[in-house]
Every structure is written in structure tokens, then in C-alpha cells.
Amino acid sequence: MVEYCDDEEQKKQLMSITMQKINKHVMHIYASEVVEHMYDLGTMREKKQLIHSFYGNLFLILQENKSKSIRKLIKEKPMLKDSVVEKLESLSHKFIEKGLIRHTIVQAILYDYFSISTDEQQLELLTLLTENFPALLGSKPGLKVACGLFAIASSKDRRAIIKLVKPLVEEMSTNQVSSLFLLYVSLTLDDTVMSRKSVVNTLVKTYQDIKEDKSATILYSCLLTGIEHPVRNAITKTKLKALMQNYKKTTSKKEESVRRKEIMINLADEIAEHMEKDLVEQLCSSKPFVVVSLIYYFIEQNEGEDFMDTLYRTLEKQITSYKDSNKIPVVAHASVHRLIKELIVDEINMKKEDPSRDLHFTEAICKILKKDIDTHLIERSVFLLATIAQNEESKHMLTKDEIPKKSIKDAMKKASNQTGLRLLNTFMYGKKKADKPQEN
């Protein structure tokens with residue numbers, strides 16, 4: 001009725017009737033499905049009203065204070081915390097006992113409880129939920145609870161959770177919520193042997209089948225780069241916030257980069273093998289998240305020599321420009337030069353953190369550009385030259401003999417866009433204060 005009702009007043013009446021006895025409805029085998037469906041169909045405001053209606057007298061307080069959430073109410077009125085926690089604890093335990101945690105409205109309430117409960121109460125919640133853990137992964141609030149509980153879980157509890165998840169990895173990897181839990185598990189589980197056997201090995205086997213899936217793309221990309229350095233635009237801030245829930249509170253002892261290196265060897269090589277077959281297409285894609293992540297991983301770990309050699313040869317190949325149908329090097333392509341520039345900046349930042357690092361990637365790109373410097377001066381790849389010349393760590397790779405001022409002036413007569421040339425001239429010859437390279 002709610003789904004097909006066009007009368008807003010009737011919708012409000014139906015919602016009101018449901019909210020009056022929502023605690024009773026949600027415990028009923030059939031009525032609970034109706035409540036869940038109404039929750040799915042509701043606006044954000046209606047969803048909050050449905051959730052708050054579970055809280056009895058607290059609902060009136062929430063309405064009076066116009067609080068957006070239980071967490072905000074507790075912050076505004078800390079004296080209510082004990083009574084609120086007691087109410088939510090009772091509700092949460094009842095839902096778990098009745099086997100209702102698969103409902104997203106219940107997961108939202110569990111998150112309310114988890115977010116304000118004590119460490120002891122969270123551990124108790126973990127004990128109650130361990131056997132039904134995958135059922136939590138149906139919504140973002142459920143994901144936040146799952147990630148938070150996994151972060152504080154003991155080694156024994158983590159093994160129990162992984163055992164439940166293992167048969168579901170392929171299915172979970174293409175779901176926008178549960179795929180993020182696989183990512184969280186892989187990057188926080190110290191037992192990297194278990195991570196490989198239970199999660200990563202399945203992802204290796206299924207890569208070819210699921211590589212086009214959006215959720216799988218995010219999963220592969222972030223496994224390669226890590227949670228704290230996600231590939232630009234591959235993961236939304238909302239999803240990242242869910243993943244970072246209690247991330248710093250984790251019982252894991254190893255550094256994330258160490259864990260990632262230990263679990264990613266097979267997966268990185270498998271992805272690289274498939275990427276080499278159509279590398280130009282992957283690089284020129286509008287969403288090249290996985291290939292960029294793979295290159296980033298090999299730069300960071302100083303590995304993948306064969307793949308990187310293939311990449312450098314590919315960047316020198318000629319392709320047809322979309323703008324004027326002329327042949328241009330792959331590295332000068334509109335999309336490719338941007339991602340290469342980002343990777344150059346990433347490697348330079350790595351060197352700033354660890355001065356002993358070598359700039360192998362930046363040096364290789366610089367050599368490619370210098371092989372046909374006149375072409376790159378009039379193409380978009382001139383921004384790569386400007387980025388290299390701008391940074392103290394890399395500017396020695398370009399000399400004034402290699403790019404004399406006259407060459408830049410001559411290129412300005414031919415180039416359709418002179419912004420990159422002006423920046424390069426500034427960084428190499430210092431006529432005016434240099435700005436960070438920006439493209440139109």
C-alpha cells in the first residue's frame with residue numbers, strides 16, 4: 001500500500017499506524033517483512049522516524065530536541081546516556097535472539113547501540129553476533145557494526161568470522177556493502193596466511209569473471225593501495241568512513257603496508273597478467289582504477305619489473321588522438337597523462353617520507369619523454385615534464401641542454417594550449433613564481 005499510494009496523507013497515516021506498534025510488528029515473521037519494506041521505501045526522514053519509534057519515550061525526546069541521531073542526543077544531553085544505552089541494549093539483544101539482524105532497520109538500531117556502548121558491551125555484542133556475522137552485511141550501518149566488531153575481535157573470534165565468510169567470498173565481492181567488509185578483513189587480519197587462503201585466493205581465481213563489476217573494481221583497487229591511500233574517486237568518502245570505523249582501535253599488530261605486501265603477491269601478479277593483454281584500453285579507460293592501483297602497488301613495493309617494462313613500452317606506442325585524429329604517444333592521451341602525473345606525484349611523496357627511495361618510475365617516464373621531446377612539448381604530456389621540473393626530488397632529471405628555452409618558445413607557436421609550456425618554462429628558467437601545474 002505504501003509503495004503504490006499517491007496520497008501523502010494516507011502514507012503518513014500508514015506510517016503512523018506502523019510506528020505505534022512497531023516493536024510488536026518487527027517480531028512477527030510476516031509483519032517484520034512489511035516493516036522492512038516500508039523502511040526501504042522511506043525517505044531519510046521517514047527512516048529515522050521508524051528507527052526512533054522503537055525507542056519508546058526516547059522517541060519524544062528525540063523529536064523535541066530535533067536530534068538527528070542517538071549519538072547527537074547523547075552529545076547534547078550526556079545525562080541520558082545510561083538510560084539510552086540500557087534501552088538499546090535490551091532491544092539489540094532481543095533482535096539477535098529472534099534472528100532479525102538480516103533486516104536493515106534492525107542493523108541501523110544495532111549501529112545506534114554499538115556507537116554509544118562501552119568496550120565491554122561491544123565485546124558482549126560480538127559474542128552474540130559471531131555465528132551470524134554475514135547477516136550484518138546488508139546495509140552501511142550493518143557494515144559499520146561489522147567492521148567495528150572485527151576490529152576489536154580476538155584472534156579466535158576473527159578465525160570464526162573468517163570461517164563463515166570464506167564460502168561467500170565470490171558472491172560478496174560483487175556486492176557494494178559486503179565487498180567492503182572483505183577489504184577491511186584483508187587489510188586488518190594479521191594472519192596473512194588465512195587472508196590469502198580464505199579471501200585473496202578466491203579473488204585471484206575469479207578476477208577474470210568479476211573484473212568489470214563496480215564493487216569488485218573498488219575491492220581490487222583498494223586492496224592494492226590500502227584503505228588510507230585509496231585511488232582517487234575509486235571509493236566514496238561515505239564508504240571510506242564506514243571502513244575507517246574503529247580502524248585505529250584494531251587489535252592487529254602489523255603495519256598495514258606489511259600485511260598488504262604479504263597477501264597481495266599472487267593477486268597483483270594475476271591482475272598484471274590479465275592487464276598486459278589490453279593495457280592501452282585499460283590505461284585510456286574513463287575509470288582506470290585497477291590499473292592505476294596496480295602501478296601504484298608496484299611502485300610502492302618496487303616489484304613487478306616485467307609488468308612495468310610492458311607499461312613503459314606501451315606508453316611509447318602511437319594511438320589516434322580523439323581531438324584531431326593525429327597519431328600521438330599513449331602517454332600524451334588525455335586520460336593517461338593525468339594518471340601518470342598522479343603516480344609521479346605519489347612516488348615523489350614516497351621519497352619525501354623515505355629519502356633513501358629511488359624514483360625508478362619517474363626516471364623511466366622522463367626517459368620516455370626525452371626520446372621525443374619536441375612531440376611531448378606540444379602535447380598534454382608537457383604537464384608531466386612540468387611536474388618533474390617542479391619538484392626538488394626530480395628536477396635534476398631535466399637539464400636546460402635537453403630542453404633549451406628556444407625549444408619551449410618554438411613549441412608555443414605550435415601548441416593549441418600553452419599552459420603546460422608556460423609552467424615548464426617557469427620551473428626550468430624561473431622567470432616568475434611557480435604555481436602547481438593545473439590543467440584546463
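Where a number appears in this text, it was derived from the coordinates with a stated rule and is not lab data. Because the structure is a prediction, the values reported are computed rather than measured. Glycine gets a Cβ as well: all are built from the backbone with ideal geometry, and neighbour counts include every protein chain shown.
If a spin label sat at a point 7 angstrom from the Cα of TYR312 along the line to its beta carbon, the backbone N atoms of segment 368-400 nearer than 11 Å would be those of 368-369.
For HIS274 and ALA364, a Förster radius of 22 Å and the Cβ-Cβ distance give a FRET efficiency of 0.50, rounded to the nearest 0.05.
For the listed residue pairs LYS163/LYS214; LYS140/LYS287; LYS72/LYS211; LYS98/LYS166; LYS81/LYS166, the alpha carbons are over 29 angstrom apart in LYS72/LYS211; LYS81/LYS166. Return the loop-located trypsin sites (Lys or Arg not before Pro) in segment 313-385 (DSSP other than H, G, I, E, B) with at most 13 other Cβ atoms within 10 Å of their own Cβ; answer none if there are none. Filter output for segment 313-385: LYS317, LYS323. Spin-label pair MET350-SER286: with each label point 7 Å from Cα along the Cα-Cβ axis, the two points sit 3.0 nm from one another. Structural size metrics of segment 281-335, computed from C-alpha coordinates, are Rg and Dmax of 12.4, 39 Å.
Under 18 Å Cα-Cα from LYS77, which aspartates and glutamates qualify once same-chain neighbours fewer than 8 residues away are excluded? Result set, ordered by chain and number: GLU64, GLU86, ASP112.
Computed from the C-beta positions of HIS396 and GLU305, the FRET efficiency with R₀ = 30 Å rounds to 0.80.
Listed by chain and number, the aspartates and glutamates placed with their C-alpha closer than 14 angstrom to that of LYS261 are ASP190, ASP191, ASP269, GLU300, GLU303; residues fewer than eight positions away on the same chain are left out. Residues of segment 342-373 with an amide N closer than 18 Å to a point placed 7 Å from the Cα of GLU256 along the Cα-to-Cβ direction: 346-347, 349-351, 353-354. Cross-link pairs exceeding 18 Å between alpha carbons, from the set LYS370/LYS405; LYS367/LYS409; LYS352/LYS395: LYS367/LYS409.
Full extension of the chain segment joining ARG357 with SER335 gains 5.2 nm, where the gain is 0.36 nm per residue of separation less the Cα-Cα distance. You can think of it this way: the chain between ARG159 and ASP410 has 83.8 nm of extra reach, that is 0.36 nm per residue less the Cα-Cα gap.
The label-point distance for THR206 and THR320, in a model that sets each label 7 Å from Cα toward Cβ, rounds to 3.8 nm.
Here's the picture: a label point sits 7 Å out from the Cα of TYR429 along the beta-carbon direction, and within segment 375-403 the residues with their amide nitrogen under 14 Å of it are 400-403.
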